[in-house]
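Report on one structure; see the data block that follows.
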Amino acid sequence: MPVLLLPLKLFLLAAEKVKEEADKQLYDVGIIQKNLLMLELRHEKNEIHEDEYRRQYEEWIRRYECAKDMERRQWSKLLDDESV
């Protein structure tokens, strides 16, 4: 590999790792459930206004539904691949 391409390769590897971590934070069911629980606790302690609680709750639920959908598609693909 030419020396000039090495920085680009390292940059692309780093970008992929950042994307993987971002996806994990956005679409990991366990992380989403933890954040929903933390949001609920903040709401119960009156640390967050009702309107903000509802806004954040709806966002976390959307992420949860998306994560579960991605999970179902991955299982479906896995099962389809095994049946071939």
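Go through segment 7-39 and give me each residue that's open to solvent by less than 80 Å² (accessible area, probe 1.4 Å), under 18 Å from residue 65 (Cα atoms) and modelled with pLDDT of 80 or more.
Listed by number, the residues that qualify are 28, 29, 30, 31, 32, 35, 36, 39.
Identify the single condition in (1) at pLDDT 95 or above; (2) open to solvent by less than 80 Å² (accessible area, probe 1.4 Å) that residue 54 does not satisfy, given that it satisfies every other one.
(2)
Pairs, please: C-beta under 7 Å, at least 6 apart or cross-chain, first residue over 14 Å from residue 33 (Cβ atoms) and polar (S, T, N, Q) and in segment 60-84, second open to solvent by less than 90 Å² (accessible area, probe 1.4 Å) and at pLDDT below 85?
none
Is it the case that some residue within segment 23-34 is free of Cβ contacts under 8 Å to residues at least 12 places away in the same chain and over 20 Å from the mean Cα position of the chain (by Cα)?
Of all residues in segment 23-34, those free of Cβ contacts under 8 Å to residues at least 12 places away in the same chain come to 23-25, 30-31, 34.
This time we only want the ones that are over 20 Å from the mean Cα position of the chain (by Cα), so: none.
Checked against the condition, which is being free of Cβ contacts under 8 Å to residues at least 12 places away in the same chain and over 20 Å from the mean Cα position of the chain (by Cα), segment 23-34 yields no hits at all.
The values are calculated or read from the model by the stated rules, or taken from the named source; none is laboratory data. In this text the structure is predicted, and so the values were computed from the model without any measurement. Here the Cβ is made from the backbone with ideal geometry for all residues, glycine too, and neighbour counts use every protein chain on show. Heads up: the accessible areas ignore ligands, DNA and RNA and are worked out on the full protein's heavy atoms, side chains in. Shrake-Rupley method; radii C 1.70, N 1.55, O 1.52, S 1.80 Å.
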